[in-house]
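In what follows, a structure is listed as structure tokens, so that the remarks can point back to it.
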Amino acid sequence: MILDAFLCGVDGVLILGCKDGECHYVTGNMEAKNKIGMTSRLLKIIGIDQNRIYFGQLSSAEGTRFVELVENFTKRIKEIGALGTEIKEDKEELKFRLEAAKAAVEGEKLRWVIGKKTEFMGIGNKYGEMFTRHEMDRFLDGLIMDEVAVREIQLLLQERPLSVKQISERLKIPSNRVLRYIAGLRRKGVVDMERVDGTSPLYRQL
Amino acid sequence: MVEEKKRYILEFPDISAERQSIQELPVEERINNFNEVSLGFTEDAAVKEAKRCLSCRRCLGCGLCLAECDKDAIVFEQADEKLDICVDSMIITTGLERVCSPPPERFGYGRYANVVTDIEFERILSDNGPYGGLLIRPFDGEMPRKIGFVCWADNNEGRGESGIKSLSYAIHEAMLAKNKVDGLEISLFLPDNDDYTKELKRNDGKVPGISTKEGGIMAIKEIQESKNLIVQWDENGNAREDEFEMLVLSTMPEPATYIIELAKKLDINLEDMRGDTFSKEIYFSKVSKQGRKRSEDG
Amino acid sequence: MGNKAVLIIGGGLAGIQSALEQAESGNTVYLLENSPGIGGERLLYDEDSKTVDFVSPDLEKVKKNKNIRIITNADIEKVEESNGKFDIKIKKRAIRVIEERCDDCKACIKVCPVNLWDDENQGLSFRTAIDFFDHVNPSYNIVRETPVCQRTCPVHLDIRGYIGFIADGKFEESLALIKEVLPFPSICGHICPHPCEEECNRGRVDYPLSIRDLKRFVADIELQDALKPKPLMIVKGEDKGKKVAIIGAGPAGLACAHDLALLGYGVTVFEALPRPGGMLAVGIPDYRLPRDVLEKEIDAVSVLGVEIRCNTVIGKGLSIDDLFNKGYEAVFITVGAHKNQEMRIPGEDARGVIPGVTFLRDLNLGNPADVGERVAVIGGGNVAIDSARCALRQGARDVTILYRRSRQEMPASDEEIEAALEEGVKIEYLVAPLQVLTADSKVTSLRCIRMELGKPDTSGRRRPIPVEGSEFDIELDTLIPAIGQVPDMSFLEESSEIELTKRGTIAVNPDTLETSRPGVFAGGDCQTGPGIAVEAIAAGKKAAVFIDKYLRGK
């Protein structure tokens, strides 16, 4: 949703929710907080200023606070500038990255893990292990980075077959890392080798 | 590998890359008293240092695989199982794959992206391996046309034998690679050592199309751009050099640590037992004297 | 032959062939493999299919053979030989996937969010936390290893957990997590040689985490807060009405006392020296472990009701038999290794020759020896370094450590060596002592010889060999030999029925730490030879578990 807004060209997204413990849906605001936190991490990874998203919490009685929040946020977005100013490449590149980020967010891995965050830090995982915030963040950072890269690769391969070298040059991800992702995708039956061009195997999305 | 991991870390600006240092008593204030030298971390430094922890990954216990599994085949709470058995004899035929001394640094292993060990190369060759049987380089997934195999002699006592074994293994892999890719150029570098030359002669019939260089390697350098490797070697006193797309280093196979311990415990000499390391498996015979006798009977 | 049971270790090509041979001759075969799948890794080239791999037809035969039991993902824990047979204990690691139900649909690996280092493929690719290794012969499994740091730590501290809490700023939670297993976080935080840091994965990227100093940070917060004491959470077990005697108030003894007291036993610790703490008190100098840190953590043990009797020597007057007669139902011997190993060179007993452990003990107990101006220390361990740094602090102007191998082989920890050098200690490598030269039976100088390194010995270190004709003399006022410590077992009477090993340490059942005499347990340096404090603590904790088991069984 948030990423759809950015894809439509908005410069910032302000989300307002209830204060902790005051949610009509009990934990709805906590879950929103987790998801928005993840989305802003994602923005950072694809090179967009993460301050373009803000999650404010207030109760319905705080009129002045509402005005203050909105004013501050608008001011902040004005300072950052129009969407895409932080990326040197053209509009197409911005769209491409946002599409990949959107695919990552909508993928089951991120959705599932982020949905478990509160549980992991409160009552523990399947093994009964509790996670510290640091541990959870460290894991999410890695997962988001992997997911974005994999989605970018998949988007590229949907268009035409490419070699590891070509993907690496296009995405500016080191080629040995691209190779690992490709090998993993091949193993999972998502990607396969199409043909060999000279000394380069070309891969395509299945 | 290191480079790659570095990038992985630097992705997260909230991790301080630098190790935080503790405060210490200056040297001049230490002499003539017994005050504690180390003063420990400040709160700020401690938190920064703690944030460097990678929280090493392993199964997250998130249950997504179980949610996806139609067959309900995943049991998170399964515990380790203990088994007690009683046997008359044992046969040890364990593999060597994970217990190999790292090759000396001068060959660039770990620093140069396209220098691999023979064990890694074996995985690359395997249809079951990481690249599904494609013979490609770990740096960029390109198919090499020119590969160098490097055997080296270890001066450590007792390793000479396994060093020579590693030569036959290199030849074996070179042949597999040649069979896989038509027109692949392969060079085999040997240390300047008579034993190796002899072993090579013994293998003579088996190495068609592989050019051997017996003078010993002087230097290996990586080309910045292509990550190809320049190998310098000695040929009858003259320095020669050539460029390769990938190098395969021999490793000295060693039996697994727990096998060494087991052997010690049962008082058997591993050297006697060391058999055909070529297949990456040590064929020990029966390990008890009684057992061994049985094996001869059988 | 036939009707025998055979264990084959290794499920590779050779193992499979042997298994079939053995099964055909009528034997019962156990085929044990370390990895999750059998088949091995040998590559063969198949002319027909042009594939390079090993798919042996024997594999199917092995799987179908009723006389062969395949045990994968398993390690041998223990082998014992008795009556010409082997009793073998095997640990089969949980794979967490029921093979019979799995139909290899790959759904799980598609969604698994965890990318791990792929061991099976030498790290060339990623594997997901749930994955199969072999596509011909899929064997799904979940990797859930304990982190390396935790695995390396002798008491298996949840390092990832407590460091995560520090990163979150939750220091109290962090310390509570440490204290669940480790009774002396501050002591370990100051002096642990941190084997965990050697293994830390971050070290492969840049530098390992300073795990030890982080522990010290949270532990010290509590010590400094002592002025405004917080209610201490102690959950003490019900009083068991049984008494345990512990001989030696070192780290092993105190850790054992701590755990037993929590379990509800009455514990008395007998200590020969005037101060409790063992080597922590009399071996480690104050500049590494300040006295108040040590005392506060020992006090925390006393608070649990443990009685520590100092200046009480077991042996003459109060034997182990006496302890049992006095109503103690179990004894834990943990007397440490406080006897200096002799150099076996002429002149060793001259005045001015003070063994390292003696020198440090006298200093720590408040009667420091006068070392004069020129001091030589012999040895390369932490006792040698400690002695040298203490001699410097005692006013010696010229302190030299002589070590017979090179820096690389030196067992002392790097940071200690660095600190000693910083403070002005000189280290001469590849030098061995030959003879102590004396005047009026007081040391005047030391005759030494230069060494060179030869082939590796049994310890894996290269053996030093004397260089002929390279003898030289060093003038000195004090010589401190510190080439190793051994346990002093002279307090054990012959009637004690406690067996020793060839090395002079106490022989125990390694599983339970019980000695040859029922009800008597032993651990720490007196059982293992000189080790590090956290290993002793681990031994003490282990002893507490088995003493409890023993007393409950009585």
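The values are calculated or read from the model by the stated rules, or taken from the named source; none is laboratory data. Values in this document were obtained by computation on a predicted structure and should not be read as measured data. Here Cβ is always computed from backbone atoms with ideal geometry, including for glycine, and neighbour counts include all displayed protein chains.
Restricting attention to the range A:13-35, does a residue exist that is of a type in the set (Phe, Trp, Tyr) and under 16 Å from A:LYS95 (Cα atoms)? Give the steps one after another, and end with the answer.
In the first step, residues of the range A:13-35 are kept if they are of a type in the set (Phe, Trp, Tyr); the result is A:25.
From what is left, the residues that are under 16 Å from A:LYS95 (Cα atoms) are none.
For the range A:13-35, residues of a type in the set (Phe, Trp, Tyr) and under 16 Å from A:LYS95 (Cα atoms): absent.
Within the range C:234-242, not a single residue is within 11 Å of chain B (Cβ to nearest Cβ) and modelled with pLDDT under 95.
A residue that is surrounded by fewer than 20 Cβ atoms within 10 Å (Cβ to Cβ), at pLDDT 90 or above and basic (Lys, Arg) can be found somewhere in the range A:106-115. Of the helices (runs of 4 or more DSSP H) lying entirely inside the range C:176-220, those containing at least 2 residues that are more than 10 Å from chain B (Cβ to nearest Cβ) span C:185-191, C:195-199. Where strands (runs of 3 or more DSSP E) sit wholly within the range C:16-94, those with at least 3 residues that are within 11 Å of chain B (Cβ to nearest Cβ) and modelled with pLDDT of 85 or more occupy C:28-32, C:85-92. Note on the range A:43-76: residues that are out of contact with any Gly (no Cβ under 8 Å at 6 or more places or on another chain), part of a helix (DSSP H, G or I) and of a type in the set (A, V, I, L, M, F, W, C) amount to 5. For the range A:181-206, the tally of residues that are outside any helix (DSSP H, G or I), in contact (Cβ under 8 Å) with a residue 24 or more places away in the chain and within 8 Å of another protein chain (Cβ to nearest Cβ) stands at 3.
When the residues of the range B:114-126 are filtered to those that are within 12 Å of chain C (Cβ to nearest Cβ) and among the aliphatic types (A, V, I, L, M), the one that is nearest to B:ALA177 (Cα to Cα) is B:LEU125.
Looking only at the range C:126-147, count every residue that is facing another protein chain (nearest Cβ under 7 Å) and closer than 17 Å to B:CYS59 by Cα and tell me the total.
First, the residues of the range C:126-147 that are facing another protein chain (nearest Cβ under 7 Å): C:126, C:129-130, C:134-136, C:142-145, C:147.
Retained after the next criterion (residues that are closer than 17 Å to B:CYS59 by Cα): C:126, C:129-130, C:142-145, C:147.
The qualifying residues number 8.
When B:ARG98, B:ARG137 are checked against the criterion of being assigned to a loop (DSSP other than H, G, I, E, B), at pLDDT 90 or above and more than 7 Å from every other protein chain (Cβ to nearest Cβ), B:ARG137 stands alone in meeting it. Listed by position, the strands (runs of 3 or more DSSP E) contained in the range B:170-237 that have at least 1 residues being small (Gly, Ala, Ser) are B:185-189, B:210-213, B:217-222.
Let me confirm something: among C:LYS316, C:LYS326, C:LYS296, which residue is in contact with a helix residue (DSSP H, G or I) (Cβ under 6 Å, 6 or more places away or on another chain) and basic (Lys, Arg)?
Values: C:LYS316 fails: in contact with a helix residue (DSSP H, G or I) (Cβ under 6 Å, 6 or more places away or on another chain); C:LYS326 fails: in contact with a helix residue (DSSP H, G or I) (Cβ under 6 Å, 6 or more places away or on another chain).
Sole residue among the options that is in contact with a helix residue (DSSP H, G or I) (Cβ under 6 Å, 6 or more places away or on another chain) and basic (Lys, Arg): C:LYS296.
Checked against (1) touching a helix residue (DSSP H, G or I) at 6+ places or on another chain (Cβ under 6 Å); (2) within 25 Å of A:HIS134 (Cα to Cα); (3) not in a loop (DSSP other than H, G, I, E, B); (4) not aliphatic (A, V, I, L, M), C:ARG127 passes all but a single condition, namely (1). As a summary of the residue check, C:LEU157 satisfies the conditions (1) part of a loop (DSSP other than H, G, I, E, B); (2) within 14 Å of chain A (Cβ to nearest Cβ) except for the one numbered (2). The combined condition, being touching a Gly at 6+ places or on another chain (Cβ under 9 Å), in a helix (DSSP H, G or I) and surrounded by fewer than 18 Cβ atoms within 10 Å (Cβ to Cβ), is not fulfilled by A:GLU79.
Assess whether C:PHE359 counts as being under 22 Å from C:VAL244 (Cα atoms) and surrounded by 15 or more Cβ atoms within 10 Å (Cβ to Cβ). Here the answer is no, as C:PHE359 does not meet what is asked. Looking at the range C:426-506, the strands (runs of 3 or more DSSP E) lying wholly inside it that each contain 3 or more residues that are among the basic types (Lys, Arg) and more than 14 Å from chain B (Cβ to nearest Cβ) sit at C:442-456. Evaluated against (1) more than 24 Å from C:TYR403 (Cβ to Cβ); (2) more than 18 Å from the chain's Cα centre (by Cα), C:ALA544 falls short on exactly one condition, (2). With the condition kept exactly as written, say whether any residue in the range C:403-420 is acidic (Asp, Glu), more than 22 Å from the chain's Cα centre (by Cα) and under 22 Å from C:LYS442 (Cβ atoms). No, the range C:403-420 contains no residue that is acidic (Asp, Glu), more than 22 Å from the chain's Cα centre (by Cα) and under 22 Å from C:LYS442 (Cβ atoms). Among all positions in the range C:388-411, there is at least one residue which is among the aliphatic types (A, V, I, L, M), over 28 Å from C:PRO208 (Cα atoms) and touching a Pro at 6+ places or on another chain (Cβ under 8 Å). From the list C:ASP131, C:ASP158, the lone residue that is without any contact (Cβ under 8 Å) to a residue 24 or more places away in the chain and assigned by TED's automatic domain parsing to the domain that holds C:ILE211 is C:ASP158. Pairing each residue of the range B:77-93 that is facing chain C (nearest Cβ under 7 Å) with any residue that is among the charged types (D, E, K, R) and not in a strand (DSSP E or B), provided the two are 6+ apart or on different chains, yields C-beta distances under 6 Å for B:GLN78/C:ARG96; B:ASP80/C:ARG93; B:ASP88/C:LYS4; B:SER89/B:ARG294.
Can you confirm whether C:LEU223 is in contact (Cβ under 8 Å) with a residue 60 or more places away in the chain and assigned by TED's automatic domain parsing to the domain that holds C:THR528? First the steps, then the outcome.
Values: in contact (Cβ under 8 Å) with a residue 60 or more places away in the chain: yes; assigned by TED's automatic domain parsing to the domain that holds C:THR528: no.
Taking the combined requirement at face value, the residue does not satisfy it.
Selection over the range A:82-105 of residues that are exposed (fewer than 13 other Cβ atoms within 10 Å of the Cβ) and either in contact with a helix residue (DSSP H, G or I) (Cβ under 7 Å, 6 or more places away or on another chain) or not charged (D, E, K, R) (or both) gives a count of 2. Only one entry of C:VAL377, C:VAL331, C:VAL306, C:VAL353 meets the criterion of being surrounded by 15 or more Cβ atoms within 10 Å (Cβ to Cβ), assigned by TED's automatic domain parsing to the domain that holds C:SER445 and touching a helix residue (DSSP H, G or I) at 6+ places or on another chain (Cβ under 7 Å), and that entry is C:VAL377.
Of everything in the range C:95-122 that is at the interface with another protein chain (Cβ under 7 Å from one of its Cβ atoms) and assigned to a strand (DSSP E or B), the residue that is farthest from A:ARG138 (Cα to Cα) is C:VAL97. Somewhere in the range C:207-219, is a residue surrounded by fewer than 19 Cβ atoms within 10 Å (Cβ to Cβ), modelled with pLDDT under 80 and outside the structural domain of C:ASP322 (by TED's automatic domain parsing)? Within the range C:207-219, not a single residue is surrounded by fewer than 19 Cβ atoms within 10 Å (Cβ to Cβ), modelled with pLDDT under 80 and outside the structural domain of C:ASP322 (by TED's automatic domain parsing).
Look at the range C:416-433: where a residue is within 23 Å of C:ILE465 (Cβ to Cβ) and a partner is among the aromatic types (Phe, Trp, Tyr), sitting 6+ places away or on another chain with Cβ atoms under 9 Å, you get C:ILE427/C:TYR403; C:GLU428/C:TYR403; C:TYR429/C:TYR403; C:LEU430/C:TYR403; C:VAL431/C:TYR403; C:VAL431/C:PHE472; C:ALA432/C:TYR403.
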